[in-house]
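Data first, discussion second: the structure below is written as structure tokens.
The values are calculated or read from the model by the stated rules, or taken from the named source; none is laboratory data. What you see is a predicted model, and the numbers here were worked out from it, not measured in a lab. Please note: Cβ atoms are built from the backbone with ideal geometry, for glycine as well, and neighbour counts cover all protein chains shown.
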Amino acid sequence: MCERRRVILRAISIAILAVAFGFGAAQSAGSRQTRTGGADPLPTWNDCAAKRGIIDFVTRVTREGGPDFVPVADRIATLDNDGTLWVEKPLPMEVYFLFARVRELAAKDPSIKERQPFKAALEGDAAYFHERGKKAVLELFVGTETGMDQEGFTAEARRFIEKWRHPKLDRPFTELAYQPMIELLAYLRKNGFQTWISSGGTVDFIRVYAPQIYGIPIDQIIGTELKRESRMEGGRLVVWRLPEIEVINDKEGKPVGIDRHIGKRPIFVAGNVGNNGDIAMMEYSKGCRGPSFQLLVNHDDAEREFAYAEKDNASLYAAKHYDFTVVNIKSDWKTVFVRGRAAANK
């Protein structure tokens, strides 16, 4: 009787242990699934510190009851565009649109062929714009993107986007976005984040393609803006584009633009090494009283994209000083560019 009792007790103990270990394994697997959402949310990222950091951050701020939990209303992400979400070399994409506009204008008025910066634009003289900097580009903005209504501008920009190819990469406009960043946008949105663009490019140009390429709606775009006014043209009221810059959304202007349009500090920010343009936005995010994450894209892959740096390495120094996370394209991304027009919707 005692022997039988010992056998029964041993069988019960084994069963309890099996259930306990089985439950523990299931619980552990479930925890891993919560952290990554089952399938890899960033499949074209290598297993690098940046990827692990992003997933850890998103997991912490979305875990209800956790010490770092952030309500959905405060899950704001702002990302730069040129050089962060897509290619910005040899020149930002909008500059090529300006060049195309100059050619159209020169066909109507040949005298501008001898006036700078139009002359440089017609000759494709990128060195001129690198030397003269933002002033020359702004002159082109004013000279080519004004004197029309908003609908006319949108039509011109869309026509350009549909036929233009990158002069160095020979890729259509719609395939210049970085696939790893498209995945990041989708991952953030899946976890309740609002994804905003904060760019030095003009808001009206970005509105034309951002919904299609990035899945970002036009009311979540912050950028440089031209002055506008209402006026009667052709018997109807239109919004007319004036030859004057109203707001430059770059460098120290980015936190101001974010505050004006969103009214909250972003807890997630992404920018890139290039012209020091994103440091202020990243510092602004770092100032959050709760958890925050800053991602800096470093362009070090000359074979698959472009390799370039800042003369003073200001962005990388800031990353080290403020503990921003750096993602190196060459070693951290399996794939660089999107494939096909519907990438943003997948």
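Some notes on this structure:
- Number of residues in region 309-324 that are in contact (Cβ under 8 Å) with a residue 40 or more places away in the chain and closer than 20 Å to W86 by Cβ: the value is 1.
- So D312, is it modelled with pLDDT of 95 or more, loosely packed, with under 13 Cβ neighbours inside 10 Å and not in a loop (DSSP other than H, G, I, E, B): no
- Top-ranked residue of region 135-168 - restricted to ones that are in contact (Cβ under 8 Å) with a residue 60 or more places away in the chain and loosely packed, with under 13 Cβ neighbours inside 10 Å, ranked as farthest from F337 (Cα to Cα): E151
- In the set (1) modelled with pLDDT under 95; (2) closer than 30 Å to Q294 by Cβ, the condition left unmet by A210 is number (1).
- Listed conditions (1) modelled with pLDDT of 95 or more; (2) surrounded by fewer than 17 Cβ atoms within 10 Å (Cβ to Cβ) are all met by F293, apart from (2).
- Looking only at residues in region 100-124 that are in contact with a Phe, Trp or Tyr (Cβ under 8 Å, 6 or more places away or on another chain) and part of a loop (DSSP other than H, G, I, E, B), the one that is nearest to R159 (Cα to Cα) is G124.
- Qualifying residues in region 249-277 (those that are in contact with a Leu (Cβ under 8 Å, 6 or more places away or on another chain) and aliphatic (A, V, I, L, M)) - the one nearest to R75 (Cα to Cα): V269
- Enumeration of residues in region 270-306 that are under 18 Å from L188 (Cα atoms), assigned to a helix (DSSP H, G or I) and in contact with a Lys or Arg (Cβ under 8 Å, 6 or more places away or on another chain): S285
- Residue count, region 224-269 (criterion: among the charged types (D, E, K, R), surrounded by fewer than 17 Cβ atoms within 10 Å (Cβ to Cβ) and part of a strand (DSSP E or B)): 8
- In region 56-83, of all residues being touching a Phe, Trp or Tyr at 6+ places or on another chain (Cβ under 8 Å) and not charged (D, E, K, R), the one that is surrounded by the most Cβ atoms within 10 Å (Cβ to Cβ) corresponds to T78.
- Under the condition of being assigned to a helix (DSSP H, G or I) and either farther than 15 Å from D204 by Cβ or among the charged types (D, E, K, R) (or both), the residues counted in region 141-154 number 2.
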